[in-house]
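Okay, structure first, notes after.
The values are calculated or read from the model by the stated rules, or taken from the named source; none is laboratory data. Keep in mind that this is a model prediction, so the values were computed, not measured. Note that we place each Cβ from the backbone using ideal geometry, even for glycine, and neighbour counts take in every protein chain shown. The accessibility values were calculated without ligands, DNA or RNA, using every heavy atom of the protein model including side chains. Shrake-Rupley method; radii C 1.70, N 1.55, O 1.52, S 1.80 Å.
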Amino acid sequence: MSLCKRRGFIFPGSDVYGGFAGTWDYGPLGVILKKKIMDEWWHFFVETRDDIVGVDAAILMNPKTWEASGHTATFADPLVECKECKSRFRADKIAKGITESVTTEEFLATHTKCPVCGKENWGPIRKFNMMFLTHVGAVLPDDDADLAAKNIAYLRPETAQGIFTNFKNVVDSVYPTIPFGIAQQGKAFRNEISPRDFILRDRECSQMEIEYFVHPNTWEENFDKLLKLNHEFLEKVCNLPAEKLHDYDVPAADRAHYSKRTIDFMFDYPNGQEELMGLAYRTDFDLQNIARESGKSMEYRDKVTGETFVPHVIEPSIGVERLFLAVLSAAYKEEELEDGDKRIVLKLPENLAPYRFCVSPLLKNKPELVEKAKEVYAKLREKYTFVTWDDSGNIGKRYRKQDEIGTPKCIVIDFDTLQDDTVTVRNRDTTKQIRVKIEEL
Ligand code: GAP
């Protein structure tokens with residue numbers, strides 16, 4: 001967390017006013033990394049595939065969406081209040097061995113003490129709906145309650161419903177061949193009872209989701225296909241170590257209300273194992289609900305067999321922040337170098353590192369070195385875009401800084417460069433330096 005703030009990856013939301021729980025802002029370095037992660041995902045799942053197309057739906061949706069999806073009725077966490085100090089908690093996060101569906105009796109049997117006052121005097125478990133409520137249109141605070149109720153809307157708690165509600169539009173406009181997926185990236189909002197663990201549980205987060213529509217008889221093979229594909233993305237594209245990823249087959253009692261099978265991808269974060277993403281078989285739950293609420297048919301006609309049916313859905317869903325934290329924590333190393341020096345280094349893969357190269361003149365007060373370095377910088381920038389310039393402090397300090405932000409290669413222009421057009425290229429991971437001709441960079 002301290003590296004993230006110091007180097008401009010992530011700042012607490014509304015920092016200047018003392019913060020705002022569950023919100024985080026991305027700084028100059030963080031915004032590049034976040035965007036690269038999102039772009040890699042889009043490239044891997046949409047741009048390079050014939051069977052997945054994209055949408056970008058509005059965050060504010062007709063409230064019928066959340067009635068149909070079940071969120072109004074069931075998108076709730078178990079809230080418990082300490083009767084002594086009035087602090088409120090998510091019950092399954094303060095007691096051991098219980099799940100989200102915990103009852104008051106089960107919770108009391110754990111004899112959990114209040115994390116704030118240490119007493120054991122609890123009120124009943126209540127279901128707390130996590131959707132953020134707002135009013136849409138010209139409604140004033142002193143308007144009558146009925147009018148206000150009519151104008152209620154929610155900030156979407158998942159991007160998925162923006163996909164389901166566009167299923168018919170996508171089929172009618174581009175008529176994809178089944179099985180096919182619709183992908184979306186975007187903000188989702190959840191009024192988490194206790195946002196925590198840095199960016200792991202936020203009140204405002206970003207999701208990357210695919211609804212993959214299949215014939216009901218083929219859900220299992222498509223589930224396995226998407227399981228493999230997501231592992232490939234996480235391990236090959238995001239460089240997450242396979243041994244830190246664990247598939248957890250979620251038991252029926254703990255699955256979301258819409259799911260017949262869910263595999264949570266758990267990741268070994270620095271604070272312990274947590275859910276990185278979920279892969280859920282949502283059956284035809286959503287499309288059937290939409291058909292009922294809207295009165296419109298959600299049927300698909302198979303192009304080959306002519307069969308008409310409501311497709312079933314496999315959904316891979318991942319939070320950008322959780323992937324960001326997994327990528328950062330897998331890359332973060334504290335090392336002792338040969339000369340006894342210590343360093344922090346982010347061993348980010350080249351495709352995700354905010355900058356691929358850093359270009360420096362050996363000495364900033366030698367105009368001939370600066371001029372040559374600027375030439376090299378301009379050339380590389382044109383070719384690779386993500387190139388940074390650093391002429392601050394001495395060369396050792398620059399290397400430390402570039403190690404901390406994960407720049408794979410540092411290029412230094414020195415007096416030999418002026419003679420033979422070669423530069424020093426220093427490798428972030430090995431710290432070894434080689435000389436390379438500028439034209440070969
Ligand atoms: N459409 C299905 C869905 O939203 P979910 O398990 O509630 O399922 C999917 O969320 C993913 O979104 C999670 O695996 C996680 O990566 C991310 N996510 C959910 N709530 C989050 C939060 N409060 N903060 C950060 N990421 C969150």
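For the range 380-441, run through the trypsin sites (Lys or Arg not before Pro) and keep only the ones in DSSP coil with at most 14 other Cβ atoms within 10 Å of their Cβ.
432
List every residue whose amide H lies under 5 Å from the amide H of residue 310, counting only residues 5 or more places away in sequence or on a different chain, with H placed 1.01 Å from N in the peptide plane.
300
Keeping every protein chain present and rolling a 1.4 Å probe, give me the accessible area per residue for the chain in Å². Let's see the in-between values first.
On the way: 21540 Å² over 441 residues.
Ligands and nucleic acids excluded, the result is 49 Å² per residue.
Hey, could you get me the Stokes-Einstein D for the range 81-194, Kirkwood radius over alpha-carbon pairs, 25 °C and 0.890 mPa s, rounded to whole µm² s⁻¹?
135 µm²/s
Determine the dipole magnitude for the chain: charges of +1 sit on the beta-carbon of Lys and Arg, -1 on that of Asp and Glu, nothing else is charged, the reference point is the Cα centre, and the result goes in debye to the nearest 20.
Roughly 1020 debye, rounded to the nearest 20.
Run a plain Debye calculation on the chain (Cα atoms as equal point scatterers, no solvent) and give log10 I(q)/I(0) at q = 0.11 Å⁻¹, rounded to two decimals, same order as the q list.
Ignoring solvent entirely, the Cα scatterers give -0.98.
So which trypsin sites (Lys or Arg not before Pro) in the range 280-357 end up in coil per DSSP with only 14 or fewer other C-beta atoms within 10 Å?
On the way: sites: 282, 292, 296, 301, 303, 322, 333, 342, 343, 347, 356; in loops: 296, 303, 347, 356.
In loop regions of the range 280-357 (DSSP not H, G, I, E or B), the sparsely surrounded trypsin sites (Lys or Arg not before Pro) are 296, 303.
For the range 35-137, run through the GluC sites (Glu not before Pro) and keep only the ones in DSSP coil with at most 16 other Cβ atoms within 10 Å of their Cβ.
On the way: sites: 40, 47, 67, 81, 84, 100, 105, 106, 120; in loops: 84, 100, 120.
For GluC sites (Glu not before Pro) across the range 35-137 that sit outside H, G, I, E and B with at most 16 neighbouring Cβ atoms in 10 Å, the list reads 84, 100, 120.
Do you know the relative contact order of the chain, to the nearest whole percent, from alpha carbon pairs under 8 angstrom that are 6+ apart? Numbers along the way, then the final one.
Numbers: 793 pairs, mean separation 55.1, N = 441.
The normalised contact order for the chain reaches 12 percent.
Taking Cα atoms, how many degrees apart are the long axis of helix 320-331 and the longest axis of the chain, rounded to 10 and kept between 0 and 90?
40 degrees
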